[in-house]
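For reference, the structure discussed in these notes is given below.
The values are calculated or read from the model by the stated rules, or taken from the named source; none is laboratory data. Since the structure is predicted, the reported quantities are computational estimates derived from the model, not experimental observations. Cβ coordinates were reconstructed from backbone atoms using ideal geometry, including for glycine residues, and neighbour counts include every protein chain displayed.
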Amino acid sequence: MINQNLQILIIDDDEINNFIAAKLIDKIQPKANVNTCLNGLEGIDFVKSKLDNQDEMPDIIFLDINMPVMNGWEFLDEYEKIKSQIDKSICINMLSSSVYNDDITKAEAFDTVQKFISKPLTVDKIQSLYESLNITA
């Protein structure tokens, strides 16, 4: 998956984390298109809104676990219902301050989750993810 114009979606209820994550991504991949949503419901609605224009579908999703309205687990349950309509492989990464082994184990149980990334997101963590996906900056 080598793509200069990456579509990245950050789903996190912390606007400051979203801002910082977008700035870090911009440092590494200035051409990336970063969108943010403040809860899982906004996130799943965003993904559904791209079903008719799959070029704008996210390549990478950073997904927080604990959010109001719809948490990360509920987002994944809803995503499972629509993923057959999605033409591209989306790399979903749990991004959480949770250090509970239960959360890490639960994330690994989802086929759609690529990695569990502990907050805070850093340039090194983003670069490591890009390398694992063969994305060139």
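Quick rundown of the values:
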| read-out | value |
| --- | --- |
| Sole exception among (1) part of a helix (DSSP H, G or I); (2) over 18 Å from K119 (Cα atoms) for P30, by number | (1) |
| Index of the failed condition, K83 passing every other in (1) over 18 Å from D14 (Cα atoms); (2) under 14 Å from the mean Cα position of the chain (by Cα) | (2) |
| Leading residue by the ranking (nearest to the chain's Cα centre (by Cα)) among those in region 86-112 that are within 18 Å of Q7 (Cβ to Cβ) and of a type in the set (V, I, T) | I92 |
| Strands (runs of 3 or more DSSP E) wholly inside region 57-137 that include at least 1 residues being surrounded by 15 or more Cβ atoms within 10 Å (Cβ to Cβ), free of Cβ contacts under 8 Å to residues at least 24 places away in the same chain and on the phi < 0 side of the Ramachandran plot | 113-118 |
| Hits in region 37-56 (condition: surrounded by 19 or more Cβ atoms within 10 Å (Cβ to Cβ), closer than 19 Å to I117 by Cα and touching an Asp or Glu at 6+ places or on another chain (Cβ under 7 Å)) | N39, G40 |
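Residue-wise test of (1) of a type in the set (A, V, I, L, M, F, W, C); (2) touching a helix residue (DSSP H, G or I) at 6+ places or on another chain (Cβ under 6 Å); (3) at pLDDT 95 or above.
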{"site": "K31", "(1), (2), (3)": "no, no, no"}
{"site": "V34", "(1), (2), (3)": "yes, yes, yes"}
{"site": "L38", "(1), (2), (3)": "yes, no, yes"}
{"site": "E42", "(1), (2), (3)": "no, no, yes"}
{"site": "D87", "(1), (2), (3)": "no, yes, no"}
